[in-house]
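Here's the structure, in C-alpha cells; my notes come after.
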Amino acid sequence: MTNTVQPTNHNIASDKTLFGHPVGLFVLFFTEMWERFSYYGMRALLVLYISATVGDGGLGWTKASAIELYGWYTMLVYVMSIPGGIIADKFLGQKKSVLYGAIILVAGHGILAIEALWAFYTGLGLIIFGVGMLKPNISTMVGGLYKSGDIRRDKGFTIFYIGINVGAFLSALIVGYVGEFYGWHYGFGLAGIGMLLGLVVYIGGQKYLANVGNFIGNSENELEKAALKKPLTKIEKDRMLVLLISFLIIIVFWGAFEQAGGLLNIYANEKIDRVIFGWEMPATWFQSFNAGFIILFGTAVAGFWANRKLKGKETSTLLKMGIGTIIMGFGFLLMVFASNQAGEIAFGTASFWWLTGAYLLHTIGELCASPTALSFITKLAPLKYASIMMGVYFAATGLGNKLAGSIGEASQSEPINIEFIANTNDLINFNNQDTLVAVDKGFSIKSNIYLLDDKFVAEGFKNGISVENLFKFQKEEKRNEVMAILAENKATKENPYHATFKFEKEVEAAKIKANKGDGKNYEGEFIIEEIQTEKEHNIFLFIFLLTLAFGLLVIALLKPLKRLTHGAEDNEGLSKNETEGFELAEESK
C-alpha cells in the first residue's frame, strides 16, 4: 500500500495547549464560527429578502426566481473552492488564502448592508470569492496542528465542527430575527460584523499558527519536493476515481439537504403553523434547527458508529454516505405528509412538528454522511492534489446547491400577472384595505375561484364579494389558461379552487405623491393554491424517492468501490493512537 507523503509544516504540533489541544485550534474554531455566523445569517434572509415585496423592503422577485438565484449563489460559493485550492497549492499556502478570503468576506457582507441593487450583487460576488478562498483551506490547517497519529486529531476536528454549528445556530436566531423584524439590511450588516470579529480573531492568533498552512512550494523537505513532481501511481489513480465517484453522492445529498435555505424556508414562512402558545415563531428560526440538533446529537451518532466499529462491523465512509442519504431522504417523506395536511383545507397550514421532524432526520443523515468526508479526502488524495481535491469536494457541494435551487424552483407555480383597475372605494368591503392603498402598501385578497356558466368567477374567501371587477388579466391567454384548469378540475361554487390575489404599487408610481390613494398603477399576481400544493407535494415525494434510490445504489456498489481504495481505511482504529472513536468532522456547512 502506497503511503501519502504529508507536508512537514502540516505535522508540527503547537507547543502551547488549551484544554489539551493546540491553542491554534481555538483560533481556527472562532474564526470559522464567526464566518459561519455571517454566512448562515445571510443565507437565512436571502430568499425571503429577494421574494419580499418592494413595499416590505425586498426586491419583489417571484419565489421561483428567488430560489433560482439562491441556487446559483450557493453553487458558486462552493465551486470557487477549486480556484481557492489551486491558489493555496500553487501560490499562497492555506494560511494566507484564509486571511485574504476573510478580508474579502468582511467587505462583501458589509456592502450587503447598503440598500442598493448594485450593492446586493457586489456583496454576493465578494462573498462568493471570499468563501472560495477560505473554505478549502481552513480545515486543512486544523489537521496541520497535529502530528501524524496524534490521538487528539479527531477530537480536535469534532471541536472545530461544534464551532461551525454554534455559529450557524446563533446566526439564524439573531441575524434572522433582526432581518425579519428590523430590516433586511440591518440583518446583512449584523452578519458582516460577525465576519469582522472572525477576521480579528484570525489575525490576533497568527503566532499560534506559525507552523501551519505555509506554502508547500517553499518547503526544504526533499520527500515533499519529490512527491510534488512524481506521476500518480496506479493505486493513487484508483483512489482518485473513488473520490470522484463519492463526489456524485455529495451532489445528490446536498441537492436535497440544501432545500433548507430555499424551498423549506419559503414553506416555513407560508405553509407551517408557527404559533406556539399564542406566539408566532419567526420563519428564519427554523434555519437554526439543524445546527442545534448537531450540537445535541453529534456525539451520539459518532458513538453509534464507533461502537459498530469496535464490534468489527462495516463502518466505511461510503456506507455512512449511503445510509446518511437515505435517512435524510426520509425527512422529505415527512414533508409529503405535511403537504397533505396543509392541502386538506383552503389556505391551510401544516403542523410545526412535521418540519421539525424533517430537520431532525436531515441532521441525523448529515451526521452519518458528512463527518468523514474530509477525512476520506485526506486519506485518498495525493499530496500534490490535496487542496485541489478539497476544492473539488466543495465544488461538488456547490453543484448540489445548484441542484437544490433547480428542484426548489420546479416546486413553485408561475404567477399569473394581473392589473389592478379599481379605486379605493371598491376595497372598503375587503377589511378597509383602501387605507393600505392610500399609503402605497401592498395588499392581498384571499379568494374562491370557479367557473359559472363558462365564466371565470372570483369571490372573497369569507365574504363572497366579487373580486374579478378589481382587476384584469394582463394577457387574455392567461385567463383562458386559468379557466381551462378550473374546467379540468371541475371547480364550482360549491367546490371552488382558491387563489390569493396580491397587489403592489409600481416602484416609480409610489414615488409620485399625486398617485397616493388613487388606486392606480398597481401590479398584481396570483397563483392557484391547489396547483401550488400539488407541485410542493410532488417535489417532496421526488426528493424522497431520489435519495432513497441513490443511497441504496451506493450500498449495493460498496464492495467494488472499497476495492478501489486499496485498504485506505482498513487499518483505522488498530493503532493505540486511534482508539477514541471520533470521526473527522466535515465542514462543508
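The values are calculated or read from the model by the stated rules, or taken from the named source; none is laboratory data. Please read all numbers here as calculations on a predicted model, not as lab measurements. All Cβ positions, even for glycine, are placed from backbone atoms using ideal geometry, and neighbour counts span all protein chains on display.
Worth a mention:
- Meets criteria (closer than 30 Å to I87 by Cβ and modelled with pLDDT under 95) for A386: yes
- Residue selected from the range 352-380 under the condition at pLDDT 75 or above and of a type in the set (G, A, S), by the criterion farthest from the chain's Cα centre (by Cα): G357
- When residues of the range 101-115 are limited to those that are part of a helix (DSSP H, G or I) and of a type in the set (G, A, S), the one farthest from K135 (Cα to Cα): G110
- So I138, is it surrounded by fewer than 19 Cβ atoms within 10 Å (Cβ to Cβ), in a helix (DSSP H, G or I) and at pLDDT 80 or above: no
- Failed item in (1) at pLDDT 90 or above; (2) buried (at least 20 other Cβ atoms within 10 Å of the Cβ), with A291 passing the rest: (1)
- Boolean, T74 is in contact with a helix residue (DSSP H, G or I) (Cβ under 9 Å, 6 or more places away or on another chain) and among the β-branched types (V, I, T): yes
- Boolean, K96 is over 19 Å from the mean Cα position of the chain (by Cα), basic (K, R) and at pLDDT 85 or above: yes
- Residue that is over 13 Å from the mean Cα position of the chain (by Cα) and either over 18 Å from S316 (Cα atoms) or not assigned by TED's automatic domain parsing to the domain that holds L333 (or both), where the choices are A256, A268, A260: A268
Yes or no, residue by residue, for (1) β-branched (V, I, T); (2) out of contact with any helix residue (DSSP H, G or I) (no Cβ under 9 Å at 6 or more places or on another chain); (3) surrounded by fewer than 24 Cβ atoms within 10 Å (Cβ to Cβ):
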| position | (1), (2), (3) |
| --- | --- |
| E35 | no, no, no |
| S65 | no, no, yes |
| I87 | yes, no, yes |
| L92 | no, no, yes |
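- Note on the range 413-472: residues that are modelled with pLDDT under 85 and of a type in the set (K, R) amount to 1.
- Of all residues in the range 451-498 being of a type in the set (D, E) and either part of a strand (DSSP E or B) or surrounded by 12 or more Cβ atoms within 10 Å (Cβ to Cβ) (or both), the one that is nearest to the chain's Cα centre (by Cα): E481
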